[in-house]
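The values are calculated or read from the model by the stated rules, or taken from the named source; none is laboratory data. Source: prediction; values computed, not measured. Ideal geometry is used to build each Cβ from the backbone, glycine not excepted, and the neighbour counts take in all protein chains shown. These area figures cover heavy atoms from the full protein model, side chains too; ligands, DNA and RNA do not enter into them. Shrake-Rupley method; radii C 1.70, N 1.55, O 1.52, S 1.80 Å.
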Amino acid sequence: MPSTDEARNSETELKFEVARGALGKLLKHPALAVPATLARLHSIYYDTPDHDLRNAGLSLRVREVEGRFIQTVKARESPGALARGEWECTVAGPGPDLAALAGGPAEALLNGHADALGAVFSTTVERAVRLWREGSALVELSVDKGRIDAGDHHEPIHEIELELKAGDIGDLFGLARALAGAAPIVLSFDSKAERGYRLAGHDTTAALKAEQAALTADTAAQDAFRRIARGCLSQVAGNGKLLLAVRSPQVLHQARVGLRRLRAALAAFEPLVGDGRLEQIMAEAKWLAGEFDRARDLDVFIQTTMPADEEGLAPEPALAAFNKRLLVAQAGAYDRAVAAVASRRFADLLLEAAAWIEVGDWAADSAPERAALRDVPISDFGAQALERQYAKLLKAGHHFGRLDAEARHRMRIKGKKLRYAADFFGEAFPEHPKRRRRFIAGLKDLQELLGQLNDIAVAGDLAAEVAGKRAGDAAFAAGLLIGSRRCVEPAMIDEAGRAWDAFRRLPRFWPEPTS
C-alpha cells in the first residue's frame, strides 16, 4: 500500500536540450559551478497495450531512487504548458501500485483495464541537482545525462531542467536567458515520457499537429491567449526538432502551420498583447517561415505539378533533366530550413516568445483599457476578434471575379486568419455546434481552392528558376508542365467563386458583438 505522503502538486519548469559537447560550457556558468547532489534514477513507464494513459495526456511511472520506489502520475494541462499536475507517492516495488491511483485522474481511466498495465519504456539518468538563489527566487537546476530504452530502440538524454521552487516565473526566464548565453541550449516542450512513447512506436516521427486549447465561454482573455499561444509554440518547437532528424514534407508543413497559427493568434489578440515586443516576435516568426517557404513550395510542386507528366507531356530526356534540377533545389531548400532550426536565432525565438507569452509587458500593463481586457471572458473577446477577421475577408473578396493572382493570395491570407481564429475561439460558442462546423467546413473548402490557385501562380516562377535560363531540355519540360496546370486555372477560378458565394451565405456561429 502507498505511504501517506501522496500529494497532488503542480510543478512549473522549463526544459532545455543541451547540444552535444556543450555541457562543459554550461557547467562554467556560476549557477552550475557549485557542488551538486548526485543521483542515479531508473524509471519504468507503464501503460495499457493501447496506450490509454498517453492518449489521455497522462503518464505513469515508477522511479527507483536510492532503494526507494516512487510512483508518479503526471498530466499536462494544455499543449506547451509550463505547469503540470503531479500525483506522487511511495510504493513497495518497481511495479505500479493500483491502489495508490485511487482519487487521481488515472483511476477512472484505467477502470477495467488496470490488469493490462505493462512496461512500455524506461529511462536511466545520472542527475546532478543544484539550487540557485537570487533575491526571493529559488530554482532547482537538474542536469540529466542518460538514455531512453524502448525494446531495441535507444535515445540519448542531454537535458537541463529549471524548476521554480519559490519566486516569480520571470526569475525562471531570467536564469534561462543567462544559461542560453553560456552554451547552446534549446527550449523543449517534450517530456521524457513523450520522447519515450515516440521511441516505443506511439506517433514515432509523425508530424505534430495542432491541438485544441481547452477553453470555455468564461475563460479570461489572458488565460486563453496563453493556452493558445503555448500550443502554437509547442507545435513549432516539436516539429523543428523532428525536422533535424527526418526531412519530411509533413513535418515541415506542420512546422509552418504552427508558425501561421502563432502569427494568427498574435493578430487576433493584438488589442490585448500589443506591447513593444509584439512586432519583434511577429518579425522573428516571419523570418522562420521565410526560411521554410522554398522547401514547402518545392514539396508542393513535386506533389501536384510533376504528376501532370503521367500523360506523357514532356519527352523523357527533358523531364529527367528538369527532375534532376528539381531534386537538387529541394535538397538545398531543406538544407536552409534545417540550418534555420539548428541556429541560435531559432533557439532565441523559442525562449523569448515563451517568456513574452508568460511574463511580457502586456501582462502587467496598467493602462485601464488594457488591464480590463485581460479578464474579459473569451466569448466576448473572441466575438470581437472573429468579427474583425470576417470583415477583413469580406473586404478582400469583394468583386471576386475581378481579382488577380496577387489579390486572391491576399484574400487567402485573410481567410487563413479567420479559420485559425474560428479554431481558437470555437469552443467558447457551444450554442451552435452545427453552424460552427458548417462555417469552418465552408471556409476550408474556399481555402483549399485559393491555395491551389496560389500553387499554380507560384509554380511558374519556381519552375523557371529551377530550370535555369540556359537549360534547354529542363526549361522545355518545365514549360510543358506549367502549361498543363494553367489550362485548368479558369475552371478553378470559377469553382473558387462558387465556393466564395456559398461561404458568404453561411451564418456566423458567434453572436454579433455588442460594441
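What number of residues within the stretch 365-418 satisfy the criterion of being open to solvent by 40 Å² or more (accessible area, probe 1.4 Å) and of a type in the set (S, T, N, Q)?
Summing the residues that are open to solvent by 40 Å² or more (accessible area, probe 1.4 Å) and of a type in the set (S, T, N, Q) in the stretch 365-418 gives 2.
Does residue 18 count as of a type in the set (A, V, I, L, M, F, W, C), free of Cβ contacts under 8 Å to residues at least 40 places away in the same chain and surrounded by 19 or more Cβ atoms within 10 Å (Cβ to Cβ)?
No.
Sort out which residues of the stretch 140-179 are under 17 Å from residue 359 (Cα atoms) and among the β-branched types (Val, Ile, Thr), and write them in order of number.
Across the stretch 140-179, the qualifying residue is only 169.
Which ranges mark the helices (runs of 4 or more DSSP H) fully within the stretch 424-515 that have 1 or more residues being more than 17 Å from residue 411 (Cβ to Cβ), touching a helix residue (DSSP H, G or I) at 6+ places or on another chain (Cβ under 9 Å) and at pLDDT below 95? Give the steps one after another, and end with the answer.
Details: elements: 433-467, 472-486, 489-504.
Because the criterion is at least 1 residues that are more than 17 Å from residue 411 (Cβ to Cβ), touching a helix residue (DSSP H, G or I) at 6+ places or on another chain (Cβ under 9 Å) and at pLDDT below 95, the helices (runs of 4 or more DSSP H) in the stretch 424-515 that meet it are 433-467, 472-486.
For residues in the stretch 79-103 being assigned to a loop (DSSP other than H, G, I, E, B) and surrounded by fewer than 20 Cβ atoms within 10 Å (Cβ to Cβ), which is modelled with the lowest pLDDT? Outline the logic, then answer.
Looking only at the stretch 79-103, we keep the residues that are assigned to a loop (DSSP other than H, G, I, E, B), and these are 79-82, 92-97, 102-103.
From the residues that got through so far, the ones that are surrounded by fewer than 20 Cβ atoms within 10 Å (Cβ to Cβ) too are 81, 92-95, 97, 102-103.
Numbers: 81: 62, 92: 92, 93: 91, 94: 91, 95: 91, 97: 89, 102: 83, 103: 80.
Only one residue fits best here, namely 81.
Being among the hydrophobic types (A, V, I, L, M, F, W, C) and in a strand (DSSP E or B) is the filter here, so list the residues in the stretch 25-78 that pass it.
Listed by number, the residues that qualify are 38, 39, 41, 44, 58, 60, 62, 65, 69, 70, 73, 75.
Cβ-Cβ under 6 Å, sequence separation 6+ or interchain: first residue in the stretch 432-446 and open to solvent by less than 50 Å² (accessible area, probe 1.4 Å), partner modelled with pLDDT of 95 or more and outside any helix (DSSP H, G or I). Which pairs?
Note: pairs meeting the criteria are 436/509; 439/506; 439/509; 442/506.
Restricting to the stretch 159-178, what's the tally of residues that are out of contact with any helix residue (DSSP H, G or I) (no Cβ under 6 Å at 6 or more places or on another chain) and among the β-branched types (Val, Ile, Thr)?
Residues that pass the stated criteria total 1.
Report whether or not residue 421 is open to solvent by 50 Å² or more (accessible area, probe 1.4 Å) and of a type in the set (A, V, I, L, M, F, W, C).
Answer is no for this residue.
Determine whether the stretch 203-221 contains at least one residue that is assigned to a helix (DSSP H, G or I) and open to solvent by 10 Å² or more (accessible area, probe 1.4 Å). Before you say what the answer is, go through the steps one by one.
We begin by selecting, within the stretch 203-221, every residue assigned to a helix (DSSP H, G or I); these are 221.
This time we only want the ones that are open to solvent by 10 Å² or more (accessible area, probe 1.4 Å), so: none.
No; the residues of the stretch 203-221 include none that is assigned to a helix (DSSP H, G or I) and open to solvent by 10 Å² or more (accessible area, probe 1.4 Å).
Take the residues in the stretch 163-202 that are assigned to a loop (DSSP other than H, G, I, E, B) and free of Cβ contacts under 8 Å to residues at least 60 places away in the same chain, then tell me which one is farthest from the chain's Cα centre (by Cα).
First, the residues of the stretch 163-202 that are assigned to a loop (DSSP other than H, G, I, E, B): 167-168, 183-184, 189-191, 200-202.
Then drop every residue that is not free of Cβ contacts under 8 Å to residues at least 60 places away in the same chain, which leaves 167, 201.
Working: 167: 28, 201: 20 Å.
The extreme case among them is 167.
Residue by residue, here is whether (1) open to solvent by less than 50 Å² (accessible area, probe 1.4 Å); (2) hydrophobic (A, V, I, L, M, F, W, C); (3) modelled with pLDDT under 85 holds:
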position	(1), (2), (3)
294	no, no, no
305	yes, no, yes
308	yes, yes, yes
317	no, no, yes
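Can you name the condition, by its number, that residue 188 falls short on among (1) surrounded by 16 or more Cβ atoms within 10 Å (Cβ to Cβ); (2) farther than 22 Å from residue 126 by Cα; (3) among the polar types (S, T, N, Q)?
Result: residue 188 fails condition (2) only.
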